[in-house]
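Undergrad: I am attaching a structure below and will ask some questions about it afterwards.
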Amino acid sequence: MDWTNLLVNVAGEIIAPTTAAYALAAIGLNIHFGLTGLLNMGQAGFLLLGAYGFAIATIAGWPLWAAVLAAILAAVVFALILGIPTLKLRGDYLAIVTIAAAEIVRIVGRSTTLTDLTGASSGLRGNSYKHTFQDASPFPDGTWELGPFEYAINASNSWWIRIVGWGVVALACLLIWLLMRSPWGRVLKGIREDEDAVRSLGKNVYAYKMQSLVLGGVIGAVAGIIYVLPRAVQPDAMGRSMTFFIWTILLLGGAATVFGPILGSMLFWAALMLIKLVMRGTVPETVMRSEQIEQFGWIIVGITLMLLVIFRPQGILGDKKELAINAH
């Protein structure tokens, strides 16, 4: 086994656009769950709407900034439609509603009735909506090598996507850091711990929950844009499994922390890549085929999530007292 190449591939996952997208999605979920205590099990729905909003607007001829605004607007509308009737629900009931809403988005996206708009189950090809983002790059075309990493500068899996993706993640972390120390953030933490007590102080708990849902959803929509820039918009790739991966990342790094979602995403994707590459290099085909190794990697992810919730629900960076999962 070529360990040098293996380690380069694993390290490449740490800075990959997918890792940045999942880190950003987990930051949005952190606002919902870590700060406010909302059990949102449909974060993938916000990512899919953001991806569709950006792609459809770009295909329609909108400029880059307008397409991003369309994605954000789609997330805001979805959050309002989802939140107005459901934010008075608590715990498990909210989780059921949000996962159902995300599934509705996915099923509508793959409906043959909307084939001309969404591409149905085949989705939207990346070449049809990536050009405005690539044209916005200030860098010349070609490839660039940084240590062991060599990628195209402006193509699909490029340095340009990495720079923008991780730049947005850094801005989102700064936003979370500021919010956690603001009066608004302290009210959200109060709602997470005891919303009846916050309500008794004259705060509009419903309005604060709605603001949290909208903000986390908008961050999720931007994560959806970053996620689809290196690939196509495929509705079945952004379903229940994606939400569970985002939850695993958040719980791994630590909910209610600033850098937990970033650390969780890096560890999640690097560990998954390491497991798959090591098994492909050491396990004979007669024991386990390549597709079975792929499935086995996801089995390990599921087991990891269960072990995290049982033995270290606060994650690597988290404080157990900060985690609302133990509050009820």
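Undergrad: Using alpha-carbon pairs under 8 Å, 6+ residues apart, how would you state the relative contact order of the chain in percent?
TA: 33 percent
Undergrad: Can you tell me the mean projection area, over all orientations, of the convex hull of the stretch 1-126's alpha carbons? Units nm², please.
TA: Spelled out: convex hull of the Cα atoms, projected over all directions, averaged, 10.7 nm².
Undergrad: Quote to one decimal, in nm, the extra length available between Ile303 and Ser137 on full extension: 0.36 nm per residue of separation minus the C-alpha distance between them.
TA: Using 0.36 nm per residue and subtracting the Cα-Cα distance, I get 55.7 nm.
Undergrad: DSSP H helices in the chain with Cα extent of 27 Å or more along the helix axis and mean Kyte-Doolittle hydropathy at least 1.6?
TA: Membrane-span-like by this rule: 64-86, 159-180.
Undergrad: Work out, step by step, the length gained on full extension between Asp116 and Arg289: first 0.36 nm times the residue separation, then minus their alpha carbon distance; give nm to one decimal.
TA: 58.5 nm
Undergrad: With 10 angstrom as the radius, rank Tyr151, Tyr52 by how many other C-beta atoms surround their C-beta, starting from the fewest.
TA: In order of increasing Cβ crowding within 10 Å: Tyr151, Tyr52.
Undergrad: While we're here: By count of other Cβ within 10 Å, fewest leading, how are Lys276, Lys209, Lys203 ordered?
TA: So the ranking, lowest neighbour count to highest, is Lys203, Lys276, Lys209.
Undergrad: For the chain, set up a GNM with springs between Cα atoms under 10 Å and report which of Val222, Val309, Val233 has the largest fluctuation.
TA: Maximum fluctuation in the GNM of the chain, among the listed residues, is at Val309.
Undergrad: Please report, in cubic angstrom per residue, the volume enclosed by the convex hull of the alpha-carbon atoms of the stretch 3-239.
TA: Enclosed volume per residue, from the Cα hull, is 139 Å³.
Undergrad: Expressed as a rounded percentage, what relative contact order does the stretch 1-76 have, with Cα pairs under 8 Å and six or more residues apart?
TA: Relative contact order of the stretch 1-76: 21 percent.
Undergrad: GNM on the chain, C-alpha springs below 10 Å: top fluctuator among Asp116, Asp92, Asp236?
TA: Asp116
Undergrad: Using Cα pairs under 8 angstrom and six or more residues apart, how large is the relative contact order of the stretch 115-170, in percent?
TA: With pairs under 8 Å counted, the relative contact order is 20 percent.
Undergrad: Between Arg125 and Ile84, what is the FRET efficiency for a Förster distance of 22 Å, r being their Cβ-Cβ separation, to the nearest 0.05?
TA: Between Arg125 and Ile84 the formula returns 0.05.
Undergrad: If you stretched the chain out fully between Ala170 and Phe149, how much longer would it get, using 0.36 nm times the residue separation minus the C-alpha to C-alpha distance?
TA: That works out to 5.4 nm of additional length.
Quick note: the coordinates plus some simple rules give every number you see, no bench work behind them. Keep in mind that this is a model prediction, so the values were computed, not measured. With ideal geometry, Cβ positions are generated from the backbone for all residues, glycine too; neighbour counts draw on all protein chains shown.
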